[in-house]
């Protein structure tokens, strides 16, 4: 076959992911915190974007301003074209109501009153008082280094202790092998062990332990409660986890009453002493959607205006700068900024409408859950919601990721309402996996101490209610809810009954 060149004309369709489309998809799956950070970055990069701090609720009560109506702007640059989201957005109160604080000369303050002055006055560049308080807490390693600075150690052991502190994790455990550390530092293993003993004497008690048994032993030694019986119990923590009091009593050589007291002492110890110095701030979960009962008895669904970024396009500034732009690069830069600002505002508006649309359909599908509780949670998947609102499953998946809804039943992630289906025996509607887990939890909580329910017994009870479920599924649900097996629950209830009888 001869090799030759020729021209062919072909027609086809392909999906091109433009940067604007990629940005819209990215905004859709961001959480409210990540979205706020993204908008802050855009505000810094784009001079045509500004934060909307207006108060439409109060503005409606005031007289209309004719100057605002006569604003000489082009229709394509008008703010109302891109920011008519008043049905979803509500303004937030200004911190200082737009007024500047009166500047007065501060009197000379004595040195003793400086702390009071520092806590009541704010200066330019100061951080928030709460943030500075959290930052001053210090981490576990900082606390250990402070104790090392006053420890009576020579130069070599001080260097070894620094390496040991660097190997301590947030929980307070030493995550390095002693032999490996000694070889890396070129030090004697005995010197490393001696330094480790000094580190384990630092606060908090139990820091520097290599496993849970050593951590508990250090805390018991500090309380002078590490006797031979307690040492034997610490060496058999597997029996403690199984609550096998009979075997523990035999190994420790004490009676059941002493075993109960020893177990109480162990429960009072801290398995992760380093977490007391954790500097991680807990980010509160803020709902993206609010659901409440309406005046007509139905469900009123709205977006949480506090989580919605409110951005405007400064058209006046664009018109002023564009009129004085002479070179091509400046005009191109202004055009790009304007296009990016328009697209971002439209993307935020579309994101809000999409979230509201998906949340509305989820509430319609799970009306029984909101009215009666988890037992009436219906099986639901992404395809059902996507078909109902004419969207793709991937879009629904992005919308429901890291989004939370506040309901009269509590605060839930949108993913919570999507549960697997468990078939019914009588051909009726399938049962939700979450509803079945709730039934199993209630059965275990209500079981009699003299008749602990096994997995087979739970399967029989669920089958009597029309739920077609296998024993391995019940065991999987029980383990996911951290419910012990029937043998462990029976042993635990027997121990509790014995403790009650002794008291």
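Where a number appears in this text, it was derived from the coordinates with a stated rule and is not lab data. Small disclaimer: the values here were computed from a predicted structure and weren't measured. When we count neighbours, we look across all protein chains shown, and the Cβ atoms used for this are built from the backbone with ideal geometry, even at glycine.
Some observations on this one:
- FRET E, pair residue 397, residue 235, Förster distance 45 Å, beta-carbon r, rounded to 0.05: 0.35
- Working from label points 7 Å from Cα in the Cα-to-Cβ sense, the residue 487 to residue 183 distance is 4.1 nm.
- Summarising the label geometry, the points placed 7 Å from Cα in the beta-carbon direction at residue 430 and residue 7 lie 5.7 nm from one another.
- Over the range 313-449, Cα pairs under 8 Å with separation of 6+ residues give a relative contact order of 19 percent.
- At an R0 of 30 angstrom, the distance between the Cβ atoms of residue 42 and residue 364 translates into a FRET efficiency of 0.30.
- Shape category assigned to the range 262-348 from the gyration tensor of Cα positions, a/c cut at 1.5: oblate
- One decimal place: the segment residue 150-residue 323 gains 55.5 nm when fully extended, by the rule 0.36 nm per residue minus the C-alpha distance.
- Sorting 192, 16, 487, 207 by the number of Cβ atoms found within 10 Å of their own Cβ, with the fewest placed first, yields 16, 487, 192, 207.
- Residue 283 versus residue 141: modelled label distance in nm, points set 7 Å from Cα along the beta carbon direction: 2.3 nm
- Sorted fewest first by neighbouring Cβ atoms within 10 angstrom, 432, 315, 397, 497 come out as 497, 397, 315, 432.
- Per-residue Cβ neighbour rank within 10 angstrom, fewest leading, 385, 422, 469: 422, 469, 385
- Its alpha carbons give the range 140-277 an Rg and a Dmax of 16.8, 51 Å.
- For the range 422-502, convex hull volume per residue from C-alpha positions, Å³: 80 Å³
- For the range 289-419, pairs of C-alpha atoms spaced more than 22 angstrom apart make up 50 percent of the total.
- Contact order normalised by residue count of the range 140-277, Cα under 8 Å, 6+ apart, percent: 24 percent
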